[in-house]
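The values are calculated or read from the model by the stated rules, or taken from the named source; none is laboratory data. Note that the structure is predicted; figures quoted are calculated from it, not measured. Here Cβ is always computed from backbone atoms with ideal geometry, including for glycine, and neighbour counts include all displayed protein chains. For accessibility, only protein heavy atoms count, side chains too; no ligands or nucleic acids. Shrake-Rupley method; radii C 1.70, N 1.55, O 1.52, S 1.80 Å.
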Amino acid sequence: MMRNSEQCPHGAIAKRRKVPKISLCNLPMDILSMILSLLPINDAVRTSVLSKKLKRVWCSHSNLTFDKGTMRKTYFRPSTGYYGVLRAKEFITKVDAVLHQHSGMGVEHMEIKFGLHSKHADHIDKWVNFAIASRTKEFVINLSGRPKSTYFGELSCGNKRISSEEPYNLPSQLFSPSNGSYLQCLELRTVCLQLPSDFKGFLNLKSLSLVDVRITDEDVHSVLSKCNLLEFFEIAYCRMVTRIRMLHSLDRLKHLVVDICPKLQEIELNCSPTTLKYVGAFIPLISVSTSRLTNISMVFLTYQSSLSYIATGFPSTSPRLETLTLLCYEHEKTIVPEGPFKFTYLRNLRLELVISDYGKIDVLDYAYLLKIAPFMETLELPMWMVGRNRPYCKEDGELRIGLPHKHTHLKSVRISGFFGHKDQVELALHILRSSIALEKMEITPKLEISNNLALHDCCYEKPHYVDGHRIATEFVCKADYRNVVNVVKVPSSLEPSAAAMEA
């Protein structure tokens, strides 16, 4: 058989057409630039050994992300992947090498994510100056070296820092009018920020995140008053901040996030965001306008009545509220004032309840939610009944029936942390009977309180999960004539799994 020819149907021999080889280096520069922009910077740099053309391309890489992944060690084992701990000295050397070869042009995003401190200031200053010179639009300086979720546990145990190292102090040139004019997004974590006296603001900044930043109230106020294009602002785990005040109107601000600033005493808003998220102690929240506010998420780490707060607190001042998420520690019964107030726009409600006093809290009281949110479509009620360990039995008396109320819009309900207590059963039955448009009600004994605030499930699995499932099946499912209730059985780790039994 001939290699470069093939037999035609009529016996003639024709040469086989050669398919031209496609080389990566032959692709147009714009295509190569797009391909390399999708690679981690460490891999993009390694392509430079293939050709001079590729070296020129990566030197204009627009996404410079420096972290443990992109600056990883090159030792590789097929069974375990990359290995070896990346030390600060090695990380700094790698970043310096990349920036030394980079053209310094066309940088859209630059991110430094590694555990570094003030003793590394000489190197970090050079990186900041590179970002300024390259007119970077998105700049992230994350010198914590750990996940954001770890701050929650740290602050819940006190106000001590895990690291004793002095944080890096941002250089003043970053805040000059000419140098910061290109920034559109700035994220700072575990640094010290001291604004110069002549700070004029970031003219084009749209997103600002301050996490574990050493910053004063005055500098927070200055940033907010001089960055008029801000659309997103986050301040979290800032230990020095006592007040957040917006002295000037921020008409463009859409999203505001405030997360556990332990000394915070007051928030005063001169804006009307669409989304507001807050985690921390219950504090005064003053707003000039809430006309655009449609989504509120609040986690109160101190005792606060949820029903009272919903009916008379900040949510009640938000006429167009569509989605409300609220976590409260309940410890005493609240008499909710009767009145004409209704959430006419509220469609989605998630109310997380940590109930710590069995004798003072009546879960059936939360039937009030159906009354004040007549157009609600989804309702989630995660509960943690702290110290309550008695499922309903006949000796507890007849089940109470709440005041009749027809809700015509509620379609989906999920109740978690259902341990089978009498008032839990009564609330579930009230919702089931009142919601004439209900399509689905899920009941599960599993604890689903957010932020890992509930104790580990193993403390509850055997007694509470079994009792909760049994009581829900016996009393709630029995009253379900529309076949909309689903009681989720949570497998206990104390019971052998099916695989173990087969083995």
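Points worth noting:
- Scanning segment 294-327 for residues that are part of a strand (DSSP E or B) and touching a Leu at 6+ places or on another chain (Cβ under 6 Å) returns 296, 298, 299, 324, 326.
- Flag if residue 233 is under 18 Å from residue 302 (Cα atoms) and within 23 Å of the chain's Cα centre (by Cα): no
- Check on residue 170, open to solvent by less than 30 Å² (accessible area, probe 1.4 Å), closer than 28 Å to residue 251 by Cβ and free of Cβ contacts under 8 Å to residues at least 40 places away in the same chain: no
- With respect to the conditions (1) open to solvent by 40 Å² or more (accessible area, probe 1.4 Å); (2) touching a residue at least 24 places away in the same chain (Cβ under 8 Å), residue 338 falls short on a single one, namely (2).
- Residue within segment 374-391 that is under 28 Å from the mean Cα position of the chain (by Cα), acidic (Asp, Glu) and open to solvent by 40 Å² or more (accessible area, probe 1.4 Å) present: yes
- Members of segment 318-328 that are over 21 Å from the mean Cα position of the chain (by Cα) and either over 21 Å from residue 285 (Cα atoms) or surrounded by 14 or more Cβ atoms within 10 Å (Cβ to Cβ) (or both): 318, 320
- Answer residue from segment 478-503, given it is more than 31 Å from the chain's Cα centre (by Cα) and of a type in the set (S, T, N, Q) and is modelled with the highest pLDDT among those: 483
- The listed residue being part of a helix (DSSP H, G or I), open to solvent by 30 Å² or more (accessible area, probe 1.4 Å) and more than 16 Å from residue 169 (Cα to Cα), out of 89, 119: 89
- Test set (1) in contact with a Gly (Cβ under 9 Å, 6 or more places away or on another chain); (2) open to solvent by 20 Å² or more (accessible area, probe 1.4 Å); (3) not hydrophobic (A, V, I, L, M, F, W, C) - residue 180 fails condition number: (2)
- Of all positions in segment 345-352, none carries a residue that is in contact (Cβ under 8 Å) with a residue 60 or more places away in the chain and under 18 Å from residue 285 (Cβ atoms).
- In the condition set (1) at pLDDT 95 or above; (2) in a loop (DSSP other than H, G, I, E, B); (3) under 24 Å from residue 102 (Cβ atoms), residue 194 is compliant with all but (3).
- Segment 474-490: number of residues that are over 10 Å from residue 442 (Cβ atoms), in contact (Cβ under 8 Å) with a residue 40 or more places away in the chain and touching a strand residue (DSSP E or B) at 6+ places or on another chain (Cβ under 9 Å): 4
- Some residue of segment 328-335 being under 19 Å from residue 447 (Cα atoms) and in a loop (DSSP other than H, G, I, E, B): yes
- Residue list for segment 254-293, filter: of a type in the set (Val, Ile, Thr), part of a strand (DSSP E or B) and open to solvent by 20 Å² or more (accessible area, probe 1.4 Å): 257, 275, 279, 286
- Check on residue 394, more than 22 Å from residue 348 (Cα to Cα), open to solvent by 20 Å² or more (accessible area, probe 1.4 Å) and basic (Lys, Arg): yes
- When 225, 144 are checked against the criterion of being polar (S, T, N, Q), open to solvent by less than 60 Å² (accessible area, probe 1.4 Å), more than 18 Å from residue 263 (Cα to Cα) and assigned to a loop (DSSP other than H, G, I, E, B), 144 stands alone in meeting it.
- Considered as a group, the residues in segment 400-417 that are assigned to a loop (DSSP other than H, G, I, E, B) and modelled with pLDDT of 95 or more include one that is surrounded by the most Cβ atoms within 10 Å (Cβ to Cβ), and that residue is 410.
- Selection from segment 228-253 of residues that are part of a strand (DSSP E or B), open to solvent by 60 Å² or more (accessible area, probe 1.4 Å) and either hydroxyl-bearing (Ser, Thr, Tyr) or more than 19 Å from residue 138 (Cα to Cα) (or both): 243, 245
- Residue count, segment 387-415 (criterion: under 29 Å from residue 377 (Cα atoms) and not hydroxyl-bearing (Ser, Thr, Tyr)): 15
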